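Notes follow once the structure below has been shown.
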Amino acid sequence: MRYYIIGHIAILNVSEDPERDAKEILRRHKNVRTVLLKVGELSGEYRVGKYEIISGEPITETIHVEHGLRFLVDPTKAYFNPALEHERSLVCSFVNDGEVVIDMFAGVGTLSIRIAAEKRAKVYAIEKNKEAYRYLLENVKLNAKRLKGEVIPIYGDASKVVYSLRDEGDHVIMDLPRFSRYFLPDAAVCIKDRGLLHYYRIVERRDTKRPIIEISQVFPRVEVLQERKIRGVSPSKILMRVSARVRVL
């Protein structure tokens, strides 16, 4: 079996005998009170999976703690992946005090809040999914006392919101791996000249230069600072991030 834990919830990704495995998880982890079985892959613009409750309490909302911060999440309503904690730390390390960050697809606010907790930065957290945005607002409140910087939640479509943030971003984060390439022209609107673009993309394993090619088609000059293969998402595909300094002039 393969599973991961969010707060009091265990999510079974792979299982030959879900009921047996659920009992084993509950035995191993005394803090787990609910076991979900993933029955459908992440799909749609909001990357929400399909799950069935197979054991324990019928409660899918939980508090997950990451890096001392508390996040209210419901995996059945909004995307959240605890396995990306190290990846979020890496992106945080690029940001300096006093900078402006535009998180185009902020979800429940995990990365936006991590950045503002570690750096005295202003973070615009944009989210289109109404449920994810609701959790984003709650999570900013939950962690308000831990923030060094500021998180400004914005509800709406990033491709429209960026026009109110023209040329403001020292950093623009594009964590929508299946669709991010369609929003590159929008990122060019809100990023400063020589700003840092953090571009997530799912690509074929044999085509790992694809993200750099796509960025270069929009920006006249690109200096790659980090190119990271994050994890496999299928036998033939991989999730990547490219962090690059871009010229818009």
In whole Hz and in residue order, list the ³J(HN,Hα) couplings for the stretch 110-115 that follow from phi through the Karplus curve 6.51 cos²θ - 1.76 cosθ + 1.60, θ = phi - 60°; x for Gly and Pro. 4, 6, 4, 6, 4, 4
Cross-link pairs 77/160; 122/145; 77/119; 119/229; 119/141; 119/192 - those with Cα-Cα distance over 21 Å: 77/160; 77/119; 119/229
Sorted from largest down, what three extents in whole angstroms do the Cα atoms of the stretch 43-188 have along their principal axes? 49, 34, 23
Between 97, 17, 175, where does the largest GNM mean-square fluctuation fall for the chain, given springs only between Cα atoms within less than 10 Å? 17
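Just how many % of Cα pairs in the stretch 1-65 lie over 20 Å apart, if you round to the nearest whole percent?
Details: 453 of 2080 pairs.
Of all Cα-Cα pairs in the stretch 1-65, 22 percent lie more than 20 Å apart.
Would you mind ranking 93, 15, 216, 112 so that the residue whose beta carbon has the fewest other beta carbons within 10 Å leads the list? Please list the in-between numbers first.
Values: 93 11, 15 19, 216 15, 112 29.
Least crowded to most crowded, the residues run 93, 216, 15, 112.
Percent antiparallel among DSSP beta bridges with both residues in the stretch 2-60, to the nearest 5?
Details: 12 of 16 bridges.
Just about 75 percent of them are antiparallel.
Stick to Cα atoms and the Kirkwood definition of Rh, then tell me Rg/Rh for the stretch 182-221. It would help to have the intermediate numbers written out before the result.
Values: Rg = 10.8 Å, Rh = 11.0 Å.
So for the stretch 182-221, dividing Rg by the Kirkwood Rh gives 0.98.
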Quick one: of the DSSP bridges fully inside the chain, what percent are antiparallel, nearest 5? 65 percent
Determine one quarter of the surface area of the Cα convex hull of the chain, which equals its mean projected area, and express it in nm² to one decimal. 12.9 nm²
Of all GluC sites (Glu not before Pro) in the stretch 167-249, which ones are in loop regions per DSSP and have a Cβ with at most 16 other Cβ atoms within 10 Å? none
Residue with peak Gaussian network fluctuation, the chain [Cα springs, cutoff 10 Å], from 209, 128, 192: 209
Within the stretch 1-91, report the GluC sites (Glu not before Pro) that DSSP leaves as loop and that have at most 13 other Cβ atoms within 10 Å. 16, 45
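Values in this text are rule-based calculations from the coordinates and carry no lab data. Just so it is clear, the structure is predicted and the values come from calculations on it, not from any experiment. Glycine also receives a Cβ, built like all others from the backbone with ideal geometry; neighbour counts cover every protein chain displayed.
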